[in-house]
Amino acid sequence: MLTNKKIILGVCGGIAAYKAIELMRLLTKAGAEVHVIMTRAAQEFIAPLTFQTLSSNPVHTDLFNLIAEREIGHISLADCADLFIIVPATANIIGKIAAGIADDMLTTTVMATKSPVLFAPAMNVNMFTNPIYQENEQKLRRMGYLFEAPVNGSLACGWHGEGKLAAPESVFESAVMALANKDLAGKTILITAGPTREEIDPVRYISNHSSGKMGYALARVARRRGAQVLLISGPTALANPDGVQVINVISAAEMQSEVNARVTACDVVIKAAAVADYRPVARNSTKIKKNAAVTTIDLVKNPDILAGLGGMSLRPFLVGFAAETDALAENAAKKLTEKNLDMIVANDVSQADAGFNVDTNRALLFFKDGSSRSCDLMSKDQLSMEILDQVVARLAVR
Ligand code: CTP
């Protein structure tokens, strides 16, 4: 996701400085090249060697270090950056940058860069709400600097309130957002995810192994690329993706009514949900007791939500999924035609490293024009990028 991206991570002196290590791990894992600049105060909390070892790059601490300046000086760092992230951003650093003070390596480099700068502030709640701090933040926001707002929580100083550093995962998500190509800006995408549950009685249901990971990855990646995303999700254990409107449903019937109520406002619908094909004819209102000796349950077919969309006269760009265990290509091609789709993502859900409940997937993409494309084993985020690349290209010529 961040391959070939150079990120300058500015670390300031705050107790949350240790969380910058976790952020750096996420950035390097996503392929970024990270260069760290530490303020003098940051070095009171963490040794530069920690960042140096984990980033595999020298850590910059001193503006007037002749050796480091000769190898890669503050201007080269400023010029090579795709993104600056300052974490934890103290009231002091934000005040200095807002006032144009450049008196150390970090402030000087930030002043000289043309790359986006993302601040993740962390401070005492009274410092955070102080009008002086607030004015500085507003001034920087007006100038286009980005902020990952702190959250409410217990602060190291003993107070409780706003000022706690946002989770490293949230800062990472904002960094990826800041760097992403916004080729889906202005588009509304509806994505369904997860399984549906068809209740038998108050304690039992029929469902499947879908975890929702593929649909949630699509929602996250579409939002990064600038789309307005609606995620209609069956029951999952996943956290809601940042910046995505999530509508939770249980059954196929609920999913269908939520999808149908929103579809006309959408440019694209991606149906990653594993919808249960059948539901019990009747749901027992009380628990069916063992001694009732029920050995069969009468089922009735659920409506096919996607086929319904395919039948609309004026319909959005439709992407289906085909969960198969055999005859992958034939079954997927048949669903593409029968449901009148623009594209279908076929995955073999019988494999251990693809399909249900894992972070990776491999897929065959089939298109309405008869073409196809193969995607080898990759993360679900990467596969989402591939799918959305195809959506963007095909929307443009639709
Ligand atoms: N789908 C749907 N409504 C259903 C069943 C499936 O909208 N009642 C959608 C799924 O979200 C997916 C596509 O149709 O995008 C294909 O789903 P899949 O489970 O692979 O196939 P089915 O059409 O259910 O057919 P089968 O179970 O026979 O493979």
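The values are calculated or read from the model by the stated rules, or taken from the named source; none is laboratory data. These numbers come from a predicted model, not from an experiment. Cβ sites come from the backbone with ideal geometry, for glycine too, and all protein chains shown count toward neighbours. We work out accessible area using only protein heavy atoms, side chains counted, and drop any ligands, DNA or RNA first. Shrake-Rupley method; radii C 1.70, N 1.55, O 1.52, S 1.80 Å.
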query = Would you say ASN284 is within 14 Å of the ligand (Cβ to nearest atom), open to solvent by 50 Å² or more (accessible area, probe 1.4 Å) and either assigned by TED's automatic domain parsing to the domain that holds SER207 or over 32 Å from the mean Cα position of the chain (by Cα) (or both)?
reply = no
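Results for (1) under 19 Å from SER174 (Cα atoms); (2) of a type in the set (Gly, Ala, Ser); (3) away from the ligand (no atom under 16 Å from the Cβ), shown as yes or no for each residue.
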residue	(1), (2), (3)
ARG220	yes, no, yes
GLY234	no, yes, no
PRO241	yes, no, yes
ILE250	no, no, no
key: Filter result (open to solvent by 10 Å² or more (accessible area, probe 1.4 Å) and in contact (Cβ under 8 Å) with a residue 60 or more places away in the chain) within region 88-113   = THR90, ASN92, ASP104, THR113
task = Report yes if some residue within region 302-322 is within 16 Å of the ligand (Cβ to nearest atom), in contact with a strand residue (DSSP E or B) (Cβ under 8 Å, 6 or more places away or on another chain), open to solvent by 60 Å² or more (accessible area, probe 1.4 Å) and at pLDDT 95 or above; otherwise report no.
result = no
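Take region 348-386 and flag every residue that is over 21 Å from THR325 (Cβ atoms) and not charged (D, E, K, R).
Selection gives PHE367, GLY370, SER371, SER379, GLN382, SER384, MET385.
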request  = Kindly list, by first and then second residue, each pair from a residue in region 21-33 that is within 11 Å of PHE51 (Cβ to Cβ) and assigned to a helix (DSSP H, G or I) to a residue that is open to solvent by 30 Å² or more (accessible area, probe 1.4 Å) and β-branched (Val, Ile, Thr), limited to pairs with Cβ atoms under 8 Å and residues at least 6 apart or on different chains.
outcome  = ILE21/THR50
Every residue from region 354-388 that is open to solvent by less than 70 Å² (accessible area, probe 1.4 Å), modelled with pLDDT of 95 or more and part of a helix (DSSP H, G or I) = LYS380, LEU383, SER384, GLU386, ILE387, LEU388
inquiry  = List pairs: first residue in region 275-295 and touching a residue at least 12 places away in the same chain (Cβ under 8 Å), second residue open to solvent by 90 Å² or more (accessible area, probe 1.4 Å) and assigned to a strand (DSSP E or B) anywhere in the structure, Cβ distance under 6 angstrom, at least six positions apart or on different chains.
reply    = TYR278/LYS301
inquiry  = For region 287-296, check the following and say yes or no: at least one residue is modelled with pLDDT of 95 or more, open to solvent by 70 Å² or more (accessible area, probe 1.4 Å) and within 13 Å of the ligand (Cβ to nearest atom).
reply    = no
key: Tabulated pairs, region 186-200, first more than 14 Å from ALA252 (Cβ to Cβ), second crowded, with 24+ Cβ neighbours inside 10 Å and among the small types (Gly, Ala, Ser), C-beta under 6 angstrom, 6+ apart or interchain   = LYS187/ALA227; ILE189/ALA222; ILE189/ALA227; ILE191/GLY215; ILE191/ALA219
Any pair with Cβ under 6 angstrom, 6 or more apart, that starts in region 227-252 at a residue that is in contact (Cβ under 8 Å) with a residue 60 or more places away in the chain and not assigned by TED's automatic domain parsing to the domain that holds ARG204 and ends at one that is open to solvent by less than 20 Å² (accessible area, probe 1.4 Å) and part of a loop (DSSP other than H, G, I, E, B) = none
key: Filtered residue count, region 198-236, keeping only those that are in a strand (DSSP E or B) and open to solvent by 30 Å² or more (accessible area, probe 1.4 Å)   = 5
request  = May I ask you to list the residues in region 323-340 that are open to solvent by 30 Å² or more (accessible area, probe 1.4 Å) and either more than 31 Å from the chain's Cα centre (by Cα) or more than 8 Å from the ligand (Cβ to nearest atom) (or both)?
outcome  = THR325, ASP326, ALA327, LEU328, ALA329, GLU330, ALA333, LYS334, THR337, GLU338, ASN340
task = Starting from region 121-136, keep only residues that are assigned by TED's automatic domain parsing to the domain that holds ILE101, then list their pairs with residues that are part of a helix (DSSP H, G or I) and hydroxyl-bearing (Ser, Thr, Tyr) whose Cβ atoms are within a distance under 7 Å, requiring at least 6 positions of separation or different chains.
result = MET127/TYR133
request  = Would you mind stating whether LYS271 is of a type in the set (Lys, Arg) and surrounded by fewer than 24 Cβ atoms within 10 Å (Cβ to Cβ)?
outcome  = no
message = Can you find a residue that is within 30 Å of PHE317 (Cα to Cα) and outside the structural domain of TYR18 (by TED's automatic domain parsing) anywhere in region 198-206?
response = yes
remark   = (1) open to solvent by 30 Å² or more (accessible area, probe 1.4 Å); (2) modelled with pLDDT of 95 or more all hold for ALA156 apart from (2)
